[in-house]
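Data block below; observations after.
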Amino acid sequence: MPAEATHLVVTTEDGPTPVLVLAGELDPATAPTLDDAIERALSTGATGLTIDMGGLTFVDSSGLRSLIAVHKRLAPERLHLRNPSPFALQLLSITGLDDQFEIDGGAS
């Protein structure tokens, strides 16, 4: 794994609807780490996915691209974003994506 990819840690909580818990930065160097984790989680036959964004300190357009790709792959109600930080909520709001994703919780 390249050194820059260590800025994102993805922990998987298995279950009928897997949960990917993210910590660190989601940017061009680390988005492939998330994409790989999404592939592994969905390869089990899961029909839904939760992405916990509570530990993210930074998200850019590369991270949004990964979220949009899995959103398009799953039925909209089958992808949940959990605990987005204020920064992530602001980014989702600015881009209009807050109306596209199911968002559970979130920092206020």
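Between Val9 and Arg40, the simple label model (points 7 Å from Cα in the Cβ direction) yields a spacing of 1.5 nm. For Leu8, the residues 5 or more places off, or on other chains, whose built amide H falls under 5 Å of its own are Glu25.
Given the range 3-104, what percent of its DSSP beta bridges are antiparallel, to the nearest 5? Please report the intermediate quantities before stating the final value.
Working: 6 of 20 bridges.
That works out to approximately 30 percent antiparallel.
For the range 3-104, what does the alpha-carbon gyration tensor say about shape, rounded, prolate or oblate, given a ≥ b ≥ c as the root eigenvalues, a/c under 1.5 as rounded, and a/b over b/c as prolate?
Values: a/c = 1.56, a/b = 1.09, b/c = 1.44.
In terms of gyration-tensor shape, oblate.
Taking other C-beta atoms within 10 Å as the exposure proxy, Ser43, Ser66, Ser93 rank Ser43, Ser93, Ser66 from fewest upward. Largest GNM mean-square fluctuation among Asp27, Asp52, Asp14, using the chain with Cα springs under 10 Å: Asp14.
Please report, in debye to the nearest 20, how large the charge dipole of the chain is about its Cα centre when each Lys and Arg carries +1 at its beta carbon and each Asp and Glu carries -1 there. Could the numbers behind the result be given before it?
Details: 6 positive and 15 negative charges, 39 e Å.
For the chain, the charge dipole is close to 180 debye.
Every read-out reported here was derived from the displayed coordinates using simple, explicitly stated rules and does not represent laboratory data. Just so it is clear, the model here is predicted, and its values are computed rather than measured. Here Cβ is always computed from backbone atoms with ideal geometry, including for glycine, and neighbour counts include all displayed protein chains.
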